[in-house]
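Take a look at the structure set out below.
The values are calculated or read from the model by the stated rules, or taken from the named source; none is laboratory data. Worth saying up front: this structure is predicted, and the values here are computed from it rather than measured. When we count neighbours, we look across all protein chains shown, and the Cβ atoms used for this are built from the backbone with ideal geometry, even at glycine.
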Amino acid sequence: MALERYLERLETAAAEEEPVIDSSAVASALEKLRQHREPKVSFMHTAQGQVPAYNVQTAVDAEHGLIVVPEVTDQANDTRSLLPMAEAAQAVIGDGHSELKVMADAGYSNGELASACEAKGILPH
């Protein structure tokens, strides 16, 4: 029953016209956010200028395809995220006896944090 009502609401919303965006309300909300920052949001540089944005990190267990560590940060890039995310993943799925292997893209590249990972039994790739 609840699922049917939800699907009906989705169908109705999809059939409606494009929403009208009040640019003055958007500007007001952005100014309020600048004055009263949220703890996990930051104004990040993008092609559209500075916009409020979140940087979402996830650690995924490759064997099961499950997110084991979600994290939201206000850091614009990932260069400081390798060690904390790897440690959090190790705490969740590490068995304490074998080396944990982590894979990350070049955005996580940070030699100091990679060395710190290795010292903790985490092998970054």
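Checked against the criterion of being over 20 Å from the mean Cα position of the chain (by Cα) and among the aliphatic types (A, V, I, L, M), the stretch 44-63 has no qualifying residue. Elements of the type strands (runs of 3 or more DSSP E) sitting completely within the stretch 22-125 and holding at least 3 residues that are in contact with a strand residue (DSSP E or B) (Cβ under 9 Å, 6 or more places away or on another chain) and of a type outside the set (Lys, Arg): these cover 42-46, 49-53, 55-61, 66-73, 122-124. Consider SER81 against the criteria (1) buried (at least 19 other Cβ atoms within 10 Å of the Cβ); (2) touching a Gly at 6+ places or on another chain (Cβ under 9 Å); (3) under 16 Å from LEU66 (Cα atoms): it satisfies all of them except one. Which criterion is unmet? Condition not satisfied by SER81: (3).
State yes or no: is GLY49 of a type outside the set (A, V, I, L, M), at pLDDT 90 or above and surrounded by fewer than 11 Cβ atoms within 10 Å (Cβ to Cβ)? Answer is no for this residue.
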